[in-house]
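S.K.: Here you go, one structure.
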Amino acid sequence: MSSATVRIWLWLVLSAVAFAQSFEVRPPSAKQGDLLQLTGPKSAVAASFLGRRVPLYPGITPAQTSGLMPVPVLTTPGTYRLRWLDAKGEAVEERNLQVTSAHFAVQNVVLSKSLTELRSTDDERTQVASFFKADSPERFWTLPIEPPLRSCLTSPFGVRRAHNGKLTGDFHGGLDQRGATGTPIHSVAAGKVTLTGEFALHGGTVGIDHGQGLKSMYLHMSKTAAKLGDTVAKGDVIGFVGSTGRSNGSHLHWALYAHGEPVNPLQWVSLQPCATAKPIKRNRTSPSR
Ligand SMILES: [Zn+2]
């Protein structure tokens, strides 16, 4: 072998080793409510961040693993340690990751007394909790995901909610899109339907497990069009817009969750605010909540 051939072989072997050992996090820094995509070598089977541990699954190549890590909306801006863990739970790589404020605003929602007093039933809570508990290890989703409606945004993710002028202490865990009653709602990605119901608080509901920790939920439907256990493709009709449950007018509330934590869908889909949407008051004093 000539020395040039040896050099090429050496380069190929070293690049293959470097590729198999590579750790990646996208985006490299995050805002409150973001979703991080992690990749690592085969030896990394889990990751930890902000006190949460998530599994990493076999990746696109056999030498890699990948997974999703949510950055909760209420995270105090700062720098935190992200760790990739082996089967024994030992860190095989760690690095600092900065979380910045998303500057979520405050939005007042006017609700009638009966809507304000509406509570979920025990059955609704149990069904929603078991929807979040079960995670399909098989990945059905691919990027890009598609919005469920081709309409504008009446309320973004993360805004601190006030009901009739009083802060609820809660934030908006999804997006509200304008839609006339009966408009078809499409699944944002492929997956399995693991929640359907006509609930007191959520109204007509469909929940989809997209696999490997990613889920989506669609609320206030006038009618659901998916059954438990159905396999859906991206774009399939899963129900119709309505105003059931705690809703003050026909619209779609939909949400994305990573390991049960709501994350900002606007990181992955682009939607325009409705021209007539009520202006939202910016909250300048405590942007971290
Ligand atoms: Zn909503």
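The values are calculated or read from the model by the stated rules, or taken from the named source; none is laboratory data. Please read these numbers as outputs of a predicted model, since none were measured by experiment. Counting neighbours? That spans all protein chains shown, and the Cβs are built from the backbone with ideal geometry, glycine included. Side chains are part of the model used for accessible areas, which takes the heavy atoms of the whole protein and leaves out ligands, DNA and RNA. Shrake-Rupley method; radii C 1.70, N 1.55, O 1.52, S 1.80 Å.
S.K.: From the list S66, S120, S101, pick out the single residue that is open to solvent by less than 50 Å² (accessible area, probe 1.4 Å), among the hydroxyl-bearing types (S, T, Y) and in contact with a helix residue (DSSP H, G or I) (Cβ under 8 Å, 6 or more places away or on another chain). Write out each step before concluding.
M.R.: Working: S66 fails: in contact with a helix residue (DSSP H, G or I) (Cβ under 8 Å, 6 or more places away or on another chain); S101 fails: in contact with a helix residue (DSSP H, G or I) (Cβ under 8 Å, 6 or more places away or on another chain).
S120 is the lone residue from the list that is open to solvent by less than 50 Å² (accessible area, probe 1.4 Å), among the hydroxyl-bearing types (S, T, Y) and in contact with a helix residue (DSSP H, G or I) (Cβ under 8 Å, 6 or more places away or on another chain).
S.K.: Can I ask one more? Anything in segment 117-134 that is closer than 26 Å to N264 by Cβ, touching a strand residue (DSSP E or B) at 6+ places or on another chain (Cβ under 9 Å) and assigned to a helix (DSSP H, G or I)? List them, or say none.
M.R.: E124, Q127, V128, S130, F131, F132
S.K.: Which residues, taken from segment 42-63, are open to solvent by 30 Å² or more (accessible area, probe 1.4 Å) and either assigned to a loop (DSSP other than H, G, I, E, B) or in contact with a helix residue (DSSP H, G or I) (Cβ under 7 Å, 6 or more places away or on another chain) (or both)?
M.R.: K42, S43, V45, L50, G51, I60, T61, P62, A63
S.K.: Could you say which residue among L82, L74 is assigned to a loop (DSSP other than H, G, I, E, B) and not assigned by TED's automatic domain parsing to the domain that holds V263?
M.R.: Working: L82 fails: assigned to a loop (DSSP other than H, G, I, E, B).
One residue alone meets the criteria, L74.
S.K.: Using the structure shown, decide if A189 is away from the ligand (no atom under 16 Å from the Cβ) and out of contact with any Leu (no Cβ under 6 Å at 6 or more places or on another chain). Walk me through it before giving the result.
M.R.: Details: away from the ligand (no atom under 16 Å from the Cβ): yes; out of contact with any Leu (no Cβ under 6 Å at 6 or more places or on another chain): yes.
Yes, satisfied.
S.K.: Same structure, new question: Please go through (1) modelled with pLDDT of 95 or more; (2) hydroxyl-bearing (S, T, Y); (3) outside any strand (DSSP E or B) for T39 and return the number of the only condition it doesn't satisfy.
M.R.: If we test T39 against (1) modelled with pLDDT of 95 or more; (2) hydroxyl-bearing (S, T, Y); (3) outside any strand (DSSP E or B), just (3) comes out false.
S.K.: Hey, among S136, S151, S155, which residue is closer than 28 Å to P273 by Cα and open to solvent by less than 30 Å² (accessible area, probe 1.4 Å)? Outline the logic, then answer.
M.R.: Working: S136 fails: closer than 28 Å to P273 by Cα; S151 fails: open to solvent by less than 30 Å² (accessible area, probe 1.4 Å).
Of the residues listed, the single one that is closer than 28 Å to P273 by Cα and open to solvent by less than 30 Å² (accessible area, probe 1.4 Å) is S155.
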